[in-house]
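The values are calculated or read from the model by the stated rules, or taken from the named source; none is laboratory data. Note that the coordinates shown come from a computational prediction; the quantities given were computed from them, not determined experimentally. Positions of Cβ are backbone-derived with ideal geometry, glycine not excepted, and every protein chain shown enters the neighbour counts. Just so you know, the surface numbers come from the protein's heavy atoms only, side chains and all, with ligands and any DNA or RNA stripped out. Shrake-Rupley method; radii C 1.70, N 1.55, O 1.52, S 1.80 Å.
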Amino acid sequence: MTVQFTADDYAARMRRAVEAATAAGLSGVLVGIGPDLTWLTAYKPTAVTERLTLLVLTADQPPTLVVPALERPDAAAAVGAPALTLVDWADGSDPYQSVAPLLRPDGRYGISDATWSMHLLGLQKALPGTSYEALSVCQPMLRAVKDEHELARLAAAGAAADAAYGEILGVRFAGRRETEVAADLAGLLRKFGHEQVDFTVVGSGPNGANPHHEAGSRVIQTGDAVVLDFGGLLEGYGSDTTRTVTVGPPSDEIREVHAIVRQAQQAAFEAVRPGVACEEIDWVARQVIRDAGYGEYFIHRTGHGIGVTTHEPPYMVAGEKQPLVPGMCFSIEPGIYLPGKFGVRIEDIVTVTEDGGRRFNNTDHGLGQVA
């Protein structure tokens with residue numbers, strides 16, 4: 001059983017956001033409906049409408065959540081609400097005039113990426129001297145370092161995804177459509193506790209050469225390599241894992257390519273330790289694949305962060321100088337994609353420890369075989 005977050009936990013997150021904003025030279029942080037708001041306050045409106053909801057975090061006043069009057073009771077019931085001052089606005093009034101007194105007229109604010117453009121434009125009209133930067137640009141590491149209770153939830157999500165993979169190996173693939181296997185995977189994720197399924201990639205045969213292939217109507221054939229990439233949210237935290245299987249015995253080519261990807265994934269995992277730049281993890285995986293002669297067929301970054309969303313900073317990609325810090329969690333998922341033939345990818349979620357890395361996915365990295 002994972003530990004439930006308290007009002008004190010959310011208050012600490014909001015303080016951390018303010019401290020980071022101050023250090024970055026910002027006047028504060030503005031957060032609309034989306035994952036940042038949920039992470040900071042536990043408030044997640046049951047219905048997302050055009051009405052403005054905005055969290056205002058500054059160093060000179062208590063955390064303030066501006067909400068539509070009709071949604072105030074729901075906001076007040078959020079776990080993080082005791083750490084908030086609630087300000088409501090009524091239909092027919094200008095919501096931006098409720099926010100304006102909370103902001104400096106010449107302030108520079110970080111604003112959550114999920115905030116609607118109409119709300120950003122409304123703020124700019126109400127306070128033309130203010131300026132704004134996307135949080136993913138000015139505070140990309142806001143949610144990146146997880147505490148022990150967040151790590152426990154990510155571990156639980158990873159274990160549930162592993163259990164789903166263990167069961168899907170017993171499902172028949174040959175003669176069935178990709179969409180049918182994808183539905184089986186979604187059902188297994190829910191069976192093992194996921195409240196939300198975000199994706200179930202089933203890329204069979206040539207479809208596996210598309211890293212983000214949407215499961216389609218192709219009938220899976222004996223001899224196919226099948227890329228299985230699936231995940232979602234369990235207790236609000238993400239899972240994301242990929243394994244590649246074959247329907248019946250693999251060809252020599254599939255076996256060879258899989259061995260290269262497995263070596264690349266292991267080398268990248270072994271490179272994880274505090275202080276290493278994110279781009280180094282990408283480089284290590286990519287170099288193994290380049291040395292094997294398949295560099296042009298590894299066509300995406302090596303990894304992405306994960307937390308209350310399945311894709312978030314930090315990113316394991318060339319040019320990302322951010323050093324790894326204990327508590328960061330991200331995927332390591334190198335792949336080789338041969339157009340018209342097949343693809344292979346192996347993916348685990350890992351966390352940075354004090355002296356290395358720890359996997360949250362622990363199923364066999366070998367080439368799986370299904371019927």
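Before moving on, here are some points about what is shown:
- Approximating the spin labels as points 7 Å out from Cα along Cα→Cβ, the Arg72-to-Leu121 distance works out to 2.9 nm.
- Dipole in debye (nearest 20) - the chain, about Cα centre, beta carbon charges: Lys, Arg +1; Asp, Glu -1: 200 debye
- Fraction of accessible area attributable to carbon and sulfur, the chain (%, probe 1.4 Å): 53 percent
- Calculated FRET efficiency for the pair Ser251/Val48, C-beta based, R₀ 45 Å, to 0.05: 0.40
- Between Lys191 and Arg177, the modelled labels are 2.2 nm apart [label points 7 Å from Cα along Cα→Cβ].
- Considering only the chain, percent of DSSP beta bridges that pair antiparallel, nearest 5: 75 percent
- Pairwise centroid distance, computed over Cα atoms, of segment 55-76 with segment 1-51, Å: 11 Å
- Full-extension gain in nm, Ala59 to Phe199, via 0.36 nm per residue minus C-alpha separation: 46.5 nm
- Cα-only radius of gyration and Dmax that characterise segment 114-244, units Å: 19.7, 64
- Top positive-direction residue, dipole computed over the chain with Cβ charges, set Pro274, Gly319, Leu103: Gly319
- Derived from the Cα gyration tensor, the three semi-axes of the equivalent ellipsoid of segment 1-67 are 20, 18, 9 Å, largest first.
- Given their separation in residues at 0.36 nm each and the Cα-Cα distance between them, Glu270 and Thr6 gain 91.5 nm when the chain is fully extended.
- Probe 1.4 Å, accessible area per residue of the chain, Å²: 41 Å²
- Charge-dipole axis of the chain as Lys and Arg at +1 and Asp and Glu at -1 on Cβ define it, positive-most pick from Ala163, Leu37, Gln139: Ala163
- Values of log10 I(q)/I(0) for the chain across q = 0.07, 0.10, 0.14 Å⁻¹ run -0.35, -0.69, -1.12, by the Debye formula with one identical scatterer at each alpha carbon and no solvent.
- Reference-scaled alpha-carbon Rg (2.2 N^0.38 Å with N residues) for segment 263-347: 1.06
- Segment 295-371 versus segment 96-124: alpha-carbon centroid distance in Å: 36 Å
- Local net charge near Gly129, Cβ-Cβ under 11 Å (Lys/Arg +1, Asp/Glu -1): +1
- Rg(Cα)/(2.2 N^0.38 Å) for segment 214-371, N = residue count: 1.03
- Computed [θ] at 222 nm, helices only, for the chain once each DSSP H run of length n ≥ 4 contributes -39500 (n - 2.57): -9500 deg cm²/dmol
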